[in-house]
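Read the structure below first, then the notes.
No value in this document is a laboratory result; all are computed from the given coordinates. If you're wondering where the values come from, they're calculated on a predicted model, not measured in any experiment. Please note: Cβ atoms are built from the backbone with ideal geometry, for glycine as well, and neighbour counts cover all protein chains shown.
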Amino acid sequence: MQQQRSTLLMITALFLGLLVFSFLTTDDLGSFGITILSGLFQGMLLFLVASGLSIIFGLMDILNFAQGGFFMVGAYITFAVFHGETFAQLDPNLRFPLAILIATAAGGILGIILERGLLRPLYARPIFQLVLTFGVAIVIGEAIKAIWGTVAYSWSPLTSFGIHQASFSLFDQQFGLYRLFVIGVGLLLIVLIALLLQRTRIGIIIRAGVEDSEMVEALGINVRAVFTQVFMLGCAVATFGGAIAAPFLGASLGMGNAFLLAAISVVVLGGLGSYAGTAVGSLLVGLAIAVVAKFASRPEINQTVWSSITPMILLVLVLLARPSGLFGKER
Amino acid sequence: MPVSWRRTLQSNWFHVLVLLFLVMFPHLVGWITGDSPLGVGGRPRGQSVFWQLIFIELFIFAILAMSYNLMFGFTGVISFGHALFFGMGGYILGLVLEKTGAASEVGLAAGVIIGIVVCGVLGLIIGVVSLRLRGVYFAIFTLAVAEMFAIYIGRWPVTNAEDGFVLSNLPAFLNPARDRLTYYYLVLILMIFTFLFIRRLINSPTGSVLLAIRENESRAQSIGYNTLIFKLLSITLAGMIAAGAGMLQVILTKKVGPEILTVSFTVDPLLMTIIGGVGTFSGPVIGASVLHLSERIFNREFIIGSMSINIGQNWSLILGIAFILVVMVFPQGIVGTWAKWRAGKKTTLE
Amino acid sequence: MSDNILEVRGIHTFIGQFHILEGVNVSVPRSSITVLLGRNGAGKTTTLRSVLGLTPPRQGEVLFDGQAVNGKRPYTIAQMGIGYVPEHRAIFRDLSVRENLEIAERQKGDLERHIDFIFELFPDLKRLIHLSGGNLSGGQQQMLSIARALVPENRLLLIDEPSEGLAPVIIEQLMEAIRKLAAQTTVLLVEQNFIMASRLADQYTIIDDGQAVASGKMRDLVQDEALVQRYLGVA
Amino acid sequence: MSGAVFEPPLRNPKDIFISDQDCRSFMTNVILQARNLRKEFGGLVAVDDVSLDVAPGTVHSIIGPNGAGKTTLFNLLTGQYKPTRGQVFFKGQDITHVALHRRAHLGMGRSFQITNIFPNLTVLENVRLAAQALNRSQFNFFRRADSFKDLVTRAYEVIELVGLRELALSPATVLPHGGKRKLELAILLVADPELLLLDEPTAGMASEQVPELIKTIDTIRQKGNKTVILVEHNMNVVMNISHRITVMNLGKLLAEGSPAEISADKTVQNVYLGGLYGDAIEGTRHE
C-alpha cells in the first residue's frame, strides 16, 4: 500500500514537473500545446515498441532486443508497398492501410518463426536467449541493408494520402493531422491491449503466466502455444508501430536502434513485465523527450543531443530511486 | 629452476608455438611474397605490411574481447556498455594529444595514464551506482549509460561532433603509417601481457573469488567475501584494459570519432567471447582471430563460373547468422566445445 | 482395465543432477483417498510432480486410467482429467478469485456447472470472489487452490500438503472438504500431519529416500506403531 | 524394488542427554540472542515475536512442523532476511544490520538447506576459497592461489575430516548428493567459526548417512568452544545431539527445553502428530 502511494506520488511529480517546466519555458500557449501533443505522439510510438517488449519479458523472461528490428521492418515494408509497383493503381487512401496490414502480418509471421525456431530450443539457457535476440537484431538490420540498401527513404509529399497532408492549427501553431491520428491509434491500442489482458481468457492466462507459468501448464493449458501467440503479438505490434510511423519518419537503418533504446528505457523504468508501467513510462518518456527537445532548441542551447539522451537520463534516475522500476515488484 | 622452466614450457607448448608464429609472421609473409616486412620503396606497402595491419587489428580486438571475458566469462557480470570504455580511452588519449598542446611524447604518456585512470574511475562509479541492480537491469543500465555518452559525444562540438578529429601529434616511432612493424610488435607484446595478466589474476586468490561469484554469489557472501568489492574490481580492470585497447585503435587509425563509441564495440567482443568460448583464457583470442580473419578473407567478390557473389557486401549478415548458429549449437564456443570433446574422449577411454 | 486409476511403476526422477526418485511404485485405487507419507525431502512432492510431468521421470511408467502418460507434456496429462493442488498453494496473486477459478476451465461453462458445489465446500469464497488472490489469508488461498482443481471434470486430484502452515480450525474445515469431494473423485494426497492423514486416507504409501518402502491400508498402519516410528517418527 | 530398510543405529539416549541442571548452567551466558523477532512477507506473518537465547558450547535445535517458520527464523538469525521488527545479538553485539560477509568474519558460519556450493570449481577450490575468505590473501593477485601452502594444507585437513579426500580434485558438480552435503560442511568448518548454523543438514540424505553426520556434529560439539544451531526435521538427529530444543508452530514459540522435556511434552507431541483437539489447540493459541 505504502509503495503504491509513493509510486503514484512519484509519477504525478514527474508528469507535473515536466508540464510546469514546459509551460514556463515555452513562449506561448500554442507552442506549449504543440510540445505536449508531440510528446504524446512520441510516447505512442514508444509504447508500440515497448508494450511487446514488456509483455514478452513478463511472460517469458526474454528481453527481445530484436524488437527495434521489427519496428524497422514495419517502416520499410510499408514504404515499399506504398511506393511499389504492385499496388500503384490503388487509391493512396486504400493503399496505405493495405501496406500497414501487410507489414503487420509480416511482423507477426517473423515473430512466430523467431520464437518457434530459435528461442524455443534455448529455454533452458536464458542468458543465451538474450544474446540470441541481440544476434537476431543484427541479422534483421543486415537483411534490410541487403534488400533495400543503406539509403534512408523519406515519404515524399507528392505520393501522399489524405490525413498525411492535412494539418490543423492550435493557438496559431500548425500541427500535422497525421500525428494526431497516430496519437489516437496509440491510445486505442493501449486500451485494446489492456482490455485483452483484463477481459479475455488469453489475457487471464498471460497474467497468470507472468506469475507462475508452470502452474498454468499444470492446469491443462498449453503454455508454449501461448508463448508463441504472445511473441507474435509483441512483434506484430512493434511492426505496426514502424508501419504507422513510416509516413512521418520514413524508413532508415538507424531508426530501429534509436527506438529500441528508448523503448528499453521505458520498459525498465516502468518496471519489467508491468503493463501499466509500460503505458505510463511511454507517456512519461515521450513527454520528456518533447519537452527537452523544445527547450534545447532555444538558440542559446541549440543542442538536439539532449532530447536523444533524455530516455536514458530518466531511466538512470528512476533506477537509482527504484532498483526495479516504477511498477516493478521487489525481488 | 630448470625443472620448473621445463614444466612451464611443457604445459604451454601450444601457446609458445603460437607466439613464435606471431613473432615470425611479418617475416614469413615477406619471405613468401617477396615484399619486405618494413615496406616497399621506403613506404609501408606490400603484402607483409598489409597483413601486419590485419593482425594489429586482430590483436586489439583480442585485448578488448579478453577484457570483456574477464567480466562476463570469469565474474558472471553481463554488461552491454563495454564500448564506453573502449571509446573513452580513445577519446581521452586523442584529446590530451591534440587539444593540450603538449609535446607528443609527453602527451602520449599523459594521455595513456589519464585515459586509463579516468576509465577505471568511470567503471568504479558505474559499478557503485548500478551493481545492486539485478541481472537484466544491470545490463540495461550499462547500455543506457554507454549510449548516453555515445550520443552526446557524437554531437559534441569540442571533438568535431560526428566528424571527429585526426591524430597528428603522434611520436614518430608510434606512427603506424610510417613504421608499422614496430607497432605490430608493440601491440603483440601488449596482447601477450594482457593474456598473462588475466591468467595470473584468475589463478590468484583474488581470481578464485571472482570465479566463486560467478558460480554462486550468495554463497560467496556467506563464507565471508564482500562480493561487491570484487565485482567492482572486475569491472574496473575490464574497463581499464578496454580503454587501453581503444587507445591502440585510435593510434592505428590516427583518428578519433564517435564510431569508436558505438554499440558494435560491445557486440563484437561479446560475439568473439561467445564464439571462442566464454570463461576460457584463449577463447576470446581465438574468437577474435576467427571473426576478424574470416571477415578479411571473405570480404571480397567471389566468382564461381559465370556467377559472382559479393560476400563482402553481405558479410555482416552472414556473421549474424553464424553467430545465431553458434549460440544455438555450440554455446560453449570453440575452446569450450573442444575441451568438452577431449574430456568426453578421456572418460570413454577409462 | 484395472481397478487402479493411477499406477506408478518404478519411476526414476532427477532434478538437475540429483537422483530424487529411485524407483517409486504407487497404486491409487478408484474412489479412494491415498496418502503419501514420509519425511521432508523423501520425494513425496517429486512423485506428484512426476505423475503430472512437471519433473518428467527418466525411467519407469505412469499409467493413468490404463494409459501411459509418461513422456507427455504436463498440459496434455492434466487435460486427461488430473487436478493439481501444489505445495504452497501457487494461486495467482494478481488475479481475482473468480479469474483464478476461470483460468482452470477446460470447456466453456465448467465453472458454471461446478460453482454451486465449490461454494458449498468453501462458503468463504463466495464473498471473496472479487478480491485479488494476493489479499486472501493462507487458509483462504488453500481453499481457492483446491477449488481451482474442482472447476473442470477431474478424475484424480493430486493434493500436496494442504495443512501446511495453517491453524487447526482451518485444517479441520479443509479435511471436511476433502472428505466430501473424495465421494466424487479420487485423491492422491501428500500430508505430513499424521493425524490428518490417518483420519482421511484409505490407503497409504510411505516414501523414504526416493523409494516407496511400505504401502497398504491406512487402518493397518495406524496399528503398526513400529512402522510409524521408523519412518515418520517423533521422539 | 529393493524395499531395503535401514534403521539408523540409535545410541542409548541416556549417554548423550544432558541433564536439565546442565542446561541451566549453560544459560549463564549467551552467544546468540534473538529479541522479539518478527518477519512479515506482504502481510503474511512468518515469524511472530520470537525470542531465543543460545548458550555457548551447546547444540541448540529448532524444530516444528512444516510451515512453522523455522527456516524463516533461521534466515533471520543468519541475516539472509532482515526482520520486520526485533534484534539479533551475537556475543553481545547487535548484528541485526551487519552485512552477510561481515558475519562470517565475526565467527558465524551457515549451511544451506539446498546444497549450495560452487559447482564448477573443484572440491579443493571450494574449501580453499572458504579458508581464504578470512585471510589477508584475498587481495593478492600476483601469486598463484594454490601456492598459498598453509591454506591448501588447512583445506586438505578439513576435506579429510569429512571424508572427501579421494575426490578433492574433482569438480564439485560430479559429487553425489551426500558428497555435496559433506562438502557443504567442509566449507563451513574450514573457517573455524564459533557458531555454526545448520539448516536441515540431513535433508535429502540417504538414511545410512545420517549416523555419520550425527557423529561429525557430535565430534564438533565434543571439541568444545563451538556452538551449533540446528534446524532439523529428523527427530533421531535432534533428540540425539541437542542440549536444548526450541519448538515452533505457526510462526510462534511453542515450547523450549531439554530433549527429555520436549519429548515428554504433550503439546509438542500433538503439534507434531497433528493434534487437532484438546489441550494442544489451547496451547498453540497465544493471545
Dipole of chain A [Lys/Arg +1, Asp/Glu -1 at C-beta], most positive-end residue of A:Pro97, A:Phe175, A:Leu118:
A:Leu118
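Rounded to the nearest 20 Debye, what is the dipole magnitude of chain C about its Cα centre when Lys and Arg each give +1 and Asp and Glu each give -1 at the C-beta?
Result for chain C is approximately 320 debye, rounded to the nearest 20.
State, as an integer percentage, the relative contact order of chain A based on alpha-carbon contacts under 8 Å between residues 6 or more apart.
Details: 485 pairs, mean separation 113.9, N = 331.
Over chain A, the number comes to 34 percent.
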Candidate lysines for bridging to C:Lys44, where Cα separation is under 25 Å - those fewer than 8 sequence places away on the same chain excluded
C:Lys72, C:Lys180, C:Lys217, D:Lys70, D:Lys180, D:Lys182
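Taking GluC sites (Glu not before Pro) as exposed when DSSP calls them loop (any state but H, G, I, E, B) and at most 15 other Cβ atoms lie within 10 Å, what is the longest stretch of chain A free of them, the sites themselves excluded? It would help to have the intermediate numbers written out before the result.
Values: sites that count: A:Glu85, A:Glu300, A:Glu330.
Between exposed loop sites, the widest span is A:86-299.
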quick note, the protein assembly as shown, DSSP beta bridge pairs, % antiparallel (nearest 5) is 60
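Packing-wise, with mean Cβ within 10 Å as the measure, how do A:59-70, D:77-88 rank, highest first?
On the way: A:59-70: 26.6, D:77-88: 18.8.
Result, highest mean Cβ count within 10 Å first: A:59-70, D:77-88.
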Between the modelled labels at B:Ile297 and D:Gln93 (7 Å from Cα along Cα→Cβ) the distance in nm is 6.1
Mind checking the angle between helix C:168-182 and chain C's longest principal axis? C-alpha axes, 0 to 90 degrees, to the nearest 10.
80
Provide the packing ranking of A:238-244, A:228-234, C:70-76, i.e. peptides ordered by the mean count of other C-beta atoms within 10 Å per residue, highest first.
A:238-244, A:228-234, C:70-76
Taking the alpha-carbon centre of each part, the distance from region D:39-83 to region A:17-80 in Å is 48
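With contacts defined as alpha carbon pairs under 8 Å and 6 or more residues apart, what's the relative contact order of region C:1-145 in percent? Working shown, then result.
Details: 194 pairs, mean separation 30.0, N = 145.
Rounded, it is 21 percent for region C:1-145.
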Putting +1 on Lys and Arg Cβ atoms and -1 on Asp and Glu Cβ atoms, find which of A:Phe15, A:Gly281, A:Gly149 reaches farthest to the positive end of the dipole of chain A.
A:Gly281
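Using packing as a proxy for protection, rank D:160-169, B:113-122, C:108-117 so that the peptide with the highest average count of other Cβ atoms within 10 Å comes first. Please report the intermediate quantities before stating the final value.
Values: D:160-169: 15.4, B:113-122: 18.5, C:108-117: 13.5.
Those peptides, ordered most packed to least, come out B:113-122, D:160-169, C:108-117.
When you look at the Cβ of every residue in A:57-64, what mean number of other chain Cβ atoms sits within 10 Å? The partial results should precede the final answer.
Values: counts 1, 0, 0, 0, 2, 1, 4, 0.
Mean partner-chain Cβ count within 10 Å for A:57-64: 1.
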Counting Lys and Arg as +1 and Asp and Glu as -1 over every other residue whose Cβ sits under 15 Å from the Cβ of B:Leu124, the net charge comes to +2
Förster-model FRET efficiency, 35 Å R0, A:Gln4 and A:Ile112, C-beta, rounded to 0.05
0.40
Sequence order, region C:68-85: Karplus ³J(HN,Hα) from phi using 6.51 cos²θ - 1.76 cosθ + 1.60, θ = phi - 60°, Hz rounded, Gly and Pro as x, gives 6, 10, 5, x, 7, 6, x, 5, 5, 4, 4, 5, 6, x, 10, x, 10, 10
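Which value, in debye to the nearest 20, gives the size of the charge dipole of region A:33-127 about its Cα centre, when Lys and Arg are +1 and Asp and Glu are -1 at the Cβ?
Working: 4 positive and 4 negative charges, 48 e Å.
Using Cβ point charges on Lys, Arg, Asp and Glu, region A:33-127 gives about 240 debye.
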Across peptide D:249-257, how many C-beta atoms of other chains are within 10 Å of each residue C-beta, on average?
1
Answer with one residue from C:Phe122, C:Gln140, C:Pro86: the one whose Cα lies farthest towards the positive end of the charge dipole of region C:73-142, charges on Cβ with Lys, Arg +1 and Asp, Glu -1.
C:Pro86
Would you list the membrane-span-like helices of chain A, meaning whole DSSP H runs whose alpha-carbon atoms span at least 30 Å along their axis and whose mean Kyte-Doolittle value is at least 0.5?
A:2-25, A:29-60, A:92-113, A:126-148, A:177-199, A:223-249, A:275-296
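Given Cβ point charges of +1 (Lys, Arg) and -1 (Asp, Glu) and nothing else, what value in debye, to the nearest 20, does the dipole of chain B about its Cα centre take?
Values: 23 positive and 15 negative charges, 173 e Å.
It comes to approximately 840 debye.
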Over chain B, what relative contact order in percent results from Cα pairs under 8 Å that are six or more residues apart?
26
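On average, how many beta carbons from a partner chain sit within 10 Å of the beta carbon of a residue in D:126-133?
What the average comes to for D:126-133 is 6.
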